[in-house]
Amino acid sequence: MAPRRPDYTFTHEHLLGIEGLHPLDIAHILDLADSYAEKTRGGIRPDPVLTGKTVVNLFFENSTRTMSSFEIAARRLGADVVSMPVANSSVKKGETLIDTAMTLNAMKPDALVVRHSASGGAKLLSRKVDCAVINAGDGTHEHPTQALLDLLTIRRVKGRIEGLKVVICGDIAHSRVARSTTMALHLMGARVHLCGPRTLIPPGTDTWGAESAGTDFDAVLKGADVVMMLRLQLERMNGSFLPSRREYFRYFGLTAERLALAKPNATVMHPGPMNRGVEIESKIADGPSSVITQQVEMGVAVREAVLHLLAGGKS
Amino acid sequence: MSLQIVNARLLDPSTDLDAPGAILIEEGRIKDIREGAEATFTGVKTTLDAGGLCLAPGLIDMRVKTGEPGDEQKETLETASRAALSGGITSFVVMPDTRPVIDDVALVQFIAERARETSKARIYPAGGLTVGLTGEAMAELGLMADAGAILFTNGDIPIANAQVMKRAMAYAASRGAIVMSRPDERALTGSGVMNAGAFAARAGLSGIPADAEWIGAMRDVTLAEQTGCTLILDQVSTARTLEIATAARKRGAKVYTTAAAHSLFFNERDVGDYLTYCKVNPPFRDETTRQGLIAALKAGEIDAVVSAHDPQPPEEKRLPFGEAAFGAAGLETVLSALLNLHHDGPLTLLEAIAPVTLGPATILGLPQGRLAKDAPADMILFNPGKPWLCEREDLLSRSTNSPFDGRRLQGRVMQTFVGGERVFKR
C-alpha cells in the first residue's frame, strides 16, 4: 500500500487516541483499511503480514463486539491472538492495571489491544510496556478505531469527508466515541455539530473541533449529510441527567419525520449497540439510510489496517 | 547555653523587618535582636556566621497528614518531622483522619506523646469534629481541647448535615475551640477527580466544579456568623471563595482562610497526560483562577498557606487517574513554592513568608512564627535564590508523591532550629 505522499511514513508506536494524529496518518490508515475492506468483499485472503506476531486483547470492560472485531482482524492477517476478558479474572482480585500489563509484557506480545473503564488507562499502559498499545476505548476519553471506522464508512458512502455536515446526537459528555469521532472528522475537514440534553453536553467541545454543541436537534439537522446517534446508557435516564426515556425520545430520538429535516440522502449511523425506541426508531435503524451494519464491517477493516501498521507488519 | 547568629538578613513579617542583623538565643528563646550588618552580642558562647543568608521564623504548617497511627507505611510522625524540618517547617498540625480517627482524648494524648518521643518539630494534633469523622455525632471537643487538640476538623470530607455542623460549631465556640472546614458541597463534587472544565471534559475525566467550594463556603461562613465560632476555611482554591469569607468578616464573623502551596504553583494543565501526582482535592484550577489566588494572597486575603501534605505510596498513585488517591507530598516544597511567587510573581520576601509564619501563628495563637524577644527560637536560615532540582528520590518524606518531582525550583533551607537547637543542616 503506497502512501499518498511519497515522503510520508507512519511513525506512531501506539494508537492511543485521535489526538496526536495528523490528517495524513488518518488518510493513510483509511486507505489501507479500504484496501482490506475490498479484499474481504472480493473474497480475497489478505497477505499474512502478521504471521508469527502475537496480539493480546486485554479487555477490562466487557465488549464482545469490539473484542471479536479485533480478534477477527488479527487472525485474518495471520497473527496469533489471545483474548483476555479480564473483567472476570485476577484483576478483580486486586491486581492493578500496571501489574497485569507488566505480566503480559514479559510474555513479549507484539501488540496489546486494551479497553479500560478509566480515562487514560491505555496511556498508562503504554508507558509500562515495550509493544504497541492500541486503545480500544478508555473510560470517557477516546475510542480511536471506532472513529476511524466511522470515517471509513462515511468516505465509502459519500465519497469524501471534507465539507460534510455531520450531526452527532446523544450523551456527548460520557461518550468516548463522540470525542474521537469529532476530532477525526474535524481533522479531515468535516463540519461537526454536537447535540444532546444540556446535562449531557460537556464544556469545551470547540477544542475537539466541533462547530456547535446545542440542544435543538431539529434545528441542527437542517442540511446534515450524516446523522450519528449515540447510545444512551440506561442509568442516565432515571432522572439524574434527564427526566425519562420517553421525554428523551421526544426531543432527541431519530424518527423518520426528524430525519426528513436533514438532506434527502442523509446517512444514519450508530456505533452500537442500539437502544431501539430510545435514541433511534427501528424503521430508521433498519431503513435504507442506515449504514450501521457497514460500520461493523468497516470496523474489521480498520482494525486490520491499524494492527498491520502497529504490530510490526512493515510493508 | 547561648548562641548568636550574626551576619544574617533578618526577616520578620510581624514587625515588617527586612534588614541585616544578629540574633541572640538563650534557653531556647530569642533573647535579643540587633539590626546592622556588623551587629554582634558580647559574652556569647557560640557564634554562627549566617554568611548573609536569610534568617526567618520557622514555618508553621496548619495542615499535614501522616499515616500514624494506622498507615505508617505512608508516613510516621517522625518521617514527617524530618521532611518538615528540611523544608523549614518547625511546627505543624496533624489531621485527625488516621486509623483510628483522632476523635477522643486518649488519641490526642497518643499523638502528642508520640510526637514528643520521636520528632524534633513541634507537632500539634487536630481533633476530629465528629466521632469517626462520619459527620453524625459531635466528638468530645472540650475534653480534646483540654488535652491539647489545637483545632477541630472533619478532614477531607466535610460534615454534610448543616444541623450537625451548626451544633458542632456552636459547641466549639462555647469552648473557645477553632473549627477548620474544607468548603465542599459534596453532592456537586461527586466523583470528580480534577478541575471541572474543558480540559477535564476533553480528557474524559469527571470534574470538580468551583461552585461546590463556593456553596460549601457560604454555608460554613453563615454558620460561623450565627454561632460565633472561629472558622478556618481550609484550602481555598478560588478568589471568589475568599470574597465570601471577606464579606462575612466585614460583618464580624471570625473567619480565616488558607490555601495550599501547590495550588499557587500549578494549574489544571499540569495534570497533562493523567499525571496522578497532580491529583489533589481541591484540584489545580485553571490559570486565571490560579492568578486570582495569587492576587488575593498579595492583597492579604489569604491568612495562611499550608502544605496540605498528604503522603501516598506508589500503589495508591500508579493507577489510572480516576482510580488513584488524591493527595500530594508537600512538606519539602512549601517554601520554594512561595518563593516562586517572589522571584516570578508579585510578592516581596516578607509577603512570601508571612502566610507560613505570622499568619498561622496568629490564627492558632502560637508564640512562635516571629522574631520577637522571648519567642521560641524556632528559625530557619535560607538562601532565597538557590536553585535546586526537586527529585522524588531525594525527598525525606516516606512517600514521595510530589507534583514538584522533576521541577527546577529556587530557594532552599540551609539550617533549621527548634527551640534554639539546630535540628537540620543541609
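What follows draws every value from the coordinates through simple rules; no lab data is involved. Here the structure is a predicted model, which is why all the values come from computation and not from measurement. A quick note on method: Cβ atoms are made from the backbone with ideal geometry, for glycine too, and the neighbour counts reach across all protein chains shown.
Taking a ≥ b ≥ c as the square roots of the eigenvalues of the Cα gyration tensor, segment A:16-61 is oblate, since a/c reaches 1.5 or more and a/b is not larger than b/c.
Positive-end ranking of B:A354, B:T288, B:I157 along the dipole of chain B, with charges on Cβ about the Cα centre, is headed by B:A354.
Working from label points 7 Å from Cα in the Cα-to-Cβ sense, the B:R408 to B:L389 distance is 1.0 nm. Angle, helix A:292-310 long axis vs. longest principal axis of chain A, Cα atoms, 0 to 90°, nearest 10? Computed tilt is about 30 degrees. By the 4.7 Å beta carbon criterion, which cysteine residues of chain A come out unpaired? Cysteines lacking a close Cβ partner in chain A: A:C131.
What's the tally of Lys pairs in segment A:144-291 whose alpha-carbon atoms lie under 16 angstrom apart, where the two lysines are 8 or more places apart or on different chains?
Numbers: A:K158/A:K263; A:K165/A:K222; A:K165/A:K263; A:K222/A:K263.
Step by step, the pairs that qualify in segment A:144-291 add up to 4.
How large is the Kirkwood hydrodynamic radius of segment B:1-126, counting all unique pairs of alpha carbons, in Å? Before the final figure, lay out the partial values.
Values: mean 1/r = 0.0611 Å⁻¹.
After inverting the mean inverse Cα-Cα distance, the result is 16.4 Å.
Shielding value for A:131-140 is 2, the average number of Cβ atoms from other chains within 10 Å of each residue's Cβ. Taking label positions 7 Å along the Cα-Cβ direction at both B:D273 and A:R45, the computed distance is 3.9 nm, reported to one decimal.
Add +1 for every Lys or Arg and -1 for every Asp or Glu among the other residues with Cβ under 12 Å from the Cβ of A:H174, and state the total. Kindly include the intermediate steps, with their values, before the conclusion.
On the way: positive: A:R176, A:R179, A:R231, A:R236; negative: A:D171, A:E235.
Once all neighbours under 12 Å are counted, the net charge is +2.
Label sites at A:E38 and B:A299, each approximated as a point 7 angstrom past Cα along Cα to Cβ, lie 6.6 nm apart.
Segment B:157-239: which trypsin sites (Lys or Arg not before Pro) are DSSP loop and have at most 16 other beta-carbon atoms within 10 angstrom?
Numbers: sites: B:K166, B:R167, B:R175, B:R186, B:R202, B:R219; in loops: B:R175.
Listed in order of number, the matching sites are B:R175.
The C-alpha atoms of chain B define a longest principal axis, and helix B:162-174 lies at about 30 degrees to it. Among the chymotrypsin sites (Phe, Trp or Tyr not before Pro) in segment B:260-322, none sits in a DSSP loop with a Cβ that has at most 12 other Cβ atoms within 10 Å.
The Cβ shell under 14 Å around A:G17 holds other residues with a net charge of -1, Lys and Arg each +1, Asp and Glu each -1.
Run the numbers on chain B and let me know its relative contact order in percent, using alpha-carbon pairs under 8 Å that are six or more apart.
Working: 1088 pairs, mean separation 80.5, N = 426.
The value is 19 percent.
Sequence gap at least 6, Cα distance under 8 Å: using those rules, report the relative contact order of segment A:144-291 to the nearest whole percent.
Details: 279 pairs, mean separation 33.4, N = 148.
Averaging sequence separation for qualifying contacts and normalising by length gives 23 percent for segment A:144-291.
Computed from the C-beta positions of A:M274 and A:V82, the FRET efficiency with R₀ = 30 Å rounds to 0.50. Report the number of Lys pairs in segment B:1-150 whose alpha-carbons are under 29 Å apart, with separation of 8 or more residues or on distinct chains. Lysine pair count for segment B:1-150: 6.
So, R0 is 45 Å and r is the distance between the beta-carbons of A:D206 and B:E421; what FRET efficiency does that work out to, to 0.05?
Working: r = 59 Å, r/R0 = 1.31.
Computed FRET efficiency for A:D206 and B:E421: 0.15.
Tell me the relative contact order for segment B:208-367 as a rounded percent, counting alpha carbon contacts under 8 Å between residues six or more apart.
Numbers: 243 pairs, mean separation 33.9, N = 160.
The normalised contact order for segment B:208-367 reaches 21 percent.
Of B:S181, B:S237, B:S14, which is the most mobile in a GNM of chain B whose springs link Cα atoms less than 10 angstrom apart? Looking only at B:S181, B:S237, B:S14, the biggest GNM fluctuation is shown by B:S14. Within segment B:58-364, antiparallel bridges make up roughly 5 percent of the DSSP beta bridges whose residues both belong there. Using alpha carbons only, how many degrees (0 to 90, rounded to 10) separate the axis of helix B:210-227 from the longest principal axis of chain B? Roughly 80 degrees between the two axes. Solvent-free Debye calculation, one equal scatterer per alpha-carbon of chain A: log10 I(q)/I(0) at 0.08, 0.16 Å⁻¹ equals -0.35, -1.34.
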